[in-house]
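Structure first, then comments.
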Amino acid sequence: MEITKITVQKKRKDRFNIFVDGAYAFPVSEAVLIKLGLTKGMQLTPERMEEIESENSAYLAYTTAVDYLSYGLRSEKEVRTKLREQEIPEAYIEPALQRLRDQKYIDDLIYGESYTRTMMTINRKGPRVIAQELKQKGLDEPTIMTALDQYPENVQLENALALAEKTLRKQSRVSSREGGQKTRLYLQQKGFDKEIIQQVFEEVETEKSAEDELGALRVQGDKAWVRYARKAEGRALVQKVRASLYQKGFANELINTYIEEKELNDE
């Protein structure tokens, strides 16, 4: 087998098409072309062909990974997944990853610390959610625990307080108790620990004024009244509405006030 022609690819000037015995055979990168000294007229043995294929695959694995990393930090698992998606042979993935480790292009601890700082600053996620996400990205438990050191308790409390206050402002149409429950649940879902949530509720005001609480009750009461009036009336209707409002966390005194108002308006 003889290399009869070498041409530069039109779209990629760093890649070349190799023709063997007058027909297109395979592409190579410029780096591989130079490293192996491929020239027109060179005779190719089966061993030489195998060497070219090996060098090409190794180069492709490395450059694909570097290109992927150029868009931002990645975990080792993410890079490995990317190479597999590009159908890089498994035999060339680990050597490429080791080369990237040696060059500090991939480092799960650096990645985890950066990810933690980003999530706590931009998304205000709690440490538990961040830990779950880092685990999904392939980081091991010791690395995750070290990365979370970037998220001190005072910042956790600051973030949880900000989220709680924002959430409570959206609860104007529900009872104080329900608003507090929804806020607590939201903080849990964001990944904050019970201790931080308890500190938050010691600092934020969850109780509405009597006027605001009654306003929220009227909103919920009117909804319940319309819903239950389709199947009940009179005392049965009042009992269903009363039970619904009680379950939503409103006090009996305010429920009585609402029922009295409703009955007077319906007379």
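The values are calculated or read from the model by the stated rules, or taken from the named source; none is laboratory data. A quick note: this is a predicted structure, and the numbers were derived from the prediction, not measured. With ideal geometry, Cβ positions are generated from the backbone for all residues, glycine too; neighbour counts draw on all protein chains shown. Side chains are part of the model used for accessible areas, which takes the heavy atoms of the whole protein and leaves out ligands, DNA and RNA. Shrake-Rupley method; radii C 1.70, N 1.55, O 1.52, S 1.80 Å.
Some notes on this structure:
- Residue match in the range 174-183 (condition: more than 25 Å from Leu245 (Cβ to Cβ) and within 26 Å of the chain's Cα centre (by Cα)): no
- Inter-residue pairs, beta-carbon under 6 Å, first closer than 14 Å to Thr4 by Cα and in the range 33-50, second surrounded by 10 or more Cβ atoms within 10 Å (Cβ to Cβ), 6+ apart: Lys40/Ile3; Lys40/Ile6; Met42/Ile3; Gln43/Glu2; Leu44/Met1
- Given (1) of a type outside the set (Ser, Thr, Tyr); (2) within 28 Å of Lys240 (Cα to Cα); (3) loosely packed, with under 13 Cβ neighbours inside 10 Å, number of the condition Pro142 does not satisfy: (2)
- Taking the range 226-236 as the range and being at negative phi and either open to solvent by 30 Å² or more (accessible area, probe 1.4 Å) or in contact with a strand residue (DSSP E or B) (Cβ under 8 Å, 6 or more places away or on another chain) (or both) as the test, the residues that pass are Val226, Arg227, Tyr228, Ala229, Arg230, Lys231, Glu233, Arg235, Ala236.
- The criterion of being modelled with pLDDT under 90, charged (D, E, K, R), open to solvent by 50 Å² or more (accessible area, probe 1.4 Å) and more than 45 Å from the chain's Cα centre (by Cα) does not hold for Lys248.
- Among the residues of the range 124-140, those identified as within 11 Å of the chain's Cα centre (by Cα) and not in a helix (DSSP H, G or I) are Lys125, Lys137.
- Scanning the range 202-214 for residues that are open to solvent by less than 30 Å² (accessible area, probe 1.4 Å) and either more than 12 Å from Ala251 (Cα to Cα) or without any contact (Cβ under 8 Å) to a residue 24 or more places away in the chain (or both) gives a single hit, Val204.
- Cβ-Cβ distances below 8 Å connect the following pairs, each with a first residue in the range 63-79 that is among the acidic types (Asp, Glu), a second residue that is open to solvent by 50 Å² or more (accessible area, probe 1.4 Å), and a separation of six or more residues or different chains: Glu76/Arg101.
- Against the conditions (1) acidic (Asp, Glu); (2) under 18 Å from the mean Cα position of the chain (by Cα); (3) over 16 Å from Glu78 (Cβ atoms), Glu165 satisfies every one except (2).
- In the range 170-186 there is no residue that is of a type outside the set (Phe, Trp, Tyr) and surrounded by fewer than 12 Cβ atoms within 10 Å (Cβ to Cβ).
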